[in-house]
2 protein chains.
Amino acid sequence: MNKAIILVSGGLDSCVTAATAHDAGFNLAFLHLDYGQRTEVRELKAFTDIVDFYSVSEVLSVRMSHLVEIGGSCLTDTNIEVPKANLDNSDIPISYVPFRNANMISVAVSWAEVIGASHIFIGAVEEDSSGYPDCRRDFFDAFEKLIIQGTRPETSIKLETPLIHLDKSQIIKKGVSLKAPLHLTWSCYQAENIPCGDCDSCALRARGFEKAGIIDPILDLA
Amino acid sequence: MNKAIILVSGGLDSCVTAATAHDAGFNLAFLHLDYGQRTEVRELKAFTDIVDFYSVSEVLSVRMSHLVEIGGSCLTDTNIEVPKANLDNSDIPISYVPFRNANMISVAVSWAEVIGASHIFIGAVEEDSSGYPDCRRDFFDAFEKLIIQGTRPETSIKLETPLIHLDKSQIIKKGVSLKAPLHLTWSCYQAENIPCGDCDSCALRARGFEKAGIIDPILDLA
């Protein structure tokens, strides 16, 4: 049975990604990356709940405090305000954490090489996304080439992005069909008790559930 | 004046790399990455001494404790013994820290994007090296392609590896000609007071100085 590392933030996309890897029969190892985002405490709870749900025994939680020190994003620098959602804006938003995904995948590859994982699953979404450059499949293709160059010759690691071309409503439907624990997830960029409803992430989630014709279970619980 | 981030461990190669960037007229920013290597305390002192030598004001020191948690190398896992030097062995040595350089350069790129640095200098050596896959120019070429894919469209960052095709004696001669503070550097993988003389890094350094016909100033001080 092949081993896969899943990057699990605790959000909707990573939860459905974990469900996809589980459904494909992989032996799961979960990696959580805390980069000082505002809602980290709530996200970590979501992560732990999803670990328990899938009874995952190989777990690594990494604090990347340098992304806070470096700043440059409203997610990591509390001096930068989280803007109201504007899903029609095609610019790269201020929530973009510079080169964040490269930092995360590098950790995952280091871990994969040591524990012998052959696949890394990431819930990145290119369509219907917030416009982050490091969420495009071209980025992951370039990263796979980097892995070939930068690891032992016998190491083979594929980057799986099962959601990359789905929109939020398709992700939600996929999650429901895979019995993913969507009720355990957290998406809001700003609040930790009740989703603010105003940030990009809340807006994307709300639009996705509406389009899918499904009631968001975390609102149902609220 | 263009700004360059220099990865400065405190060793010989990064010191000569800093001297090269300084000589080329870049505005210097120094990045030190502590990945839990055995001799970190001594390396950090070397780093600080080199910061002072070049009067660098933009400095970032990052603790990447996950590379210790992940382990898999004699540099980060104290349960794995540092072997005696064997410079004729063509296998990848146990001192290889899995995908370490990708972790480091990812941090550097995040920082570069925020502070507006156009170049990142790394003292990687392909020839006469310890056989690390992530020290080859092919790896850095692949990383430059990754940067293009994973950062803002207006971001342009080049990875400079001025030592990549030099052997240790050529690096030492280059350092002397650039008046690099070689007396402030530290190379030993194992000891923090007097170099052990037995590890790969000590052996490479000793062979380099001997071939260059120069007395190692840190032995002169000892």
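The values are calculated or read from the model by the stated rules, or taken from the named source; none is laboratory data. What you see is a predicted model; the values in this text were computed from it and never measured. Positions of Cβ are generated from backbone atoms using ideal geometry, with glycine treated the same way; all protein chains shown enter the neighbour counts.
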Quiz item: What are the residue pairs meeting all of these: first residue in the stretch A:62-76, first residue at the interface with chain B (Cβ under 7 Å from one of its Cβ atoms) and under 15 Å from residue B:60 (Cα atoms), second residue of a type in the set (D, E, K, R) and not in a helix (DSSP H, G or I), Cβ atoms under 6 Å, and 6 or more apart or on different chains?
Solution: A:71/A:77
Exercise. Kindly indicate the residue of the stretch A:30-45 that is charged (D, E, K, R) and modelled with pLDDT under 80 and also farthest from residue A:182 (Cα to Cα) among those meeting that condition.
Key: A:38
Quiz item: Which one is surrounded by the most Cβ atoms within 10 Å (Cβ to Cβ), of the residues in the stretch B:149-161 that are farther than 21 Å from residue B:175 by Cβ and more than 7 Å from every other protein chain (Cβ to nearest Cβ)?
Solution: B:157
Quiz item: Any residue in the stretch B:83-92 that is under 14 Å from the mean Cα position of the chain (by Cα) and among the polar types (S, T, N, Q)?
Solution: no
Quiz item: If you take the residues of the stretch A:122-148 that are in contact with a Phe, Trp or Tyr (Cβ under 8 Å, 6 or more places away or on another chain) and modelled with pLDDT of 95 or more, which of them is farthest from the other protein chains (Cβ to nearest Cβ)?
Solution: A:122
Quiz item: Has the stretch B:107-121 got any residue that is away from chain A (no Cβ under 14 Å), under 13 Å from the mean Cα position of the chain (by Cα) and crowded, with 24+ Cβ neighbours inside 10 Å?
Solution: yes
Self-check item: Counted residues, the stretch A:46-59 - those being touching a Phe, Trp or Tyr at 6+ places or on another chain (Cβ under 6 Å) and either free of Cβ contacts under 8 Å to residues at least 40 places away in the same chain or more than 19 Å from residue A:179 (Cβ to Cβ) (or both)
Solution: 2
Quiz item: Name the pairs: first residue in the stretch A:144-166 and free of Cβ contacts under 8 Å to residues at least 40 places away in the same chain, second residue among the acidic types (Asp, Glu) and assigned to a loop (DSSP other than H, G, I, E, B), Cβ to Cβ under 6 Å, at least 6 apart or on different chains?
Solution: A:165/A:127
Quiz prompt | Close pairs from the stretch A:90-117: first free of Cβ contacts under 8 Å to residues at least 24 places away in the same chain, partner surrounded by 19 or more Cβ atoms within 10 Å (Cβ to Cβ) and in a helix (DSSP H, G or I), Cβ under 6 Å, at least 6 apart | solution = A:106/B:102; A:106/B:103; A:106/B:106; A:110/B:70; A:114/B:70
Quiz item: How many of the residues in the stretch B:92-106 are facing another protein chain (nearest Cβ under 7 Å), farther than 24 Å from residue B:59 by Cβ and small (Gly, Ala, Ser)?
Solution: 0
Quiz item: Do the conditions hold for residue B:178, that is, is it surrounded by fewer than 22 Cβ atoms within 10 Å (Cβ to Cβ) and either among the acidic types (Asp, Glu) or within 25 Å of residue B:64 (Cα to Cα) (or both)?
Solution: no
Practice problem: Among residues belonging to the stretch B:162-175 that are of a type outside the set (A, V, I, L, M, F, W, C) and crowded, with 20+ Cβ neighbours inside 10 Å, point out the one that is nearest to the other protein chains (Cβ to nearest Cβ). | Solution: B:162
Exercise. Answer with yes or no whether residue B:9 is buried (at least 24 other Cβ atoms within 10 Å of the Cβ) and not aliphatic (A, V, I, L, M).
Key: yes
Quiz prompt | Residues of the stretch B:150-192 that turn out to be of a type in the set (D, E, K, R) and out of contact with any helix residue (DSSP H, G or I) (no Cβ under 8 Å at 6 or more places or on another chain), as a count | solution = 1
Self-check item: Every residue from the stretch B:167-197 that is over 26 Å from residue B:37 (Cα atoms) and in contact (Cβ under 8 Å) with a residue 60 or more places away in the chain
Solution: B:174, B:178, B:179
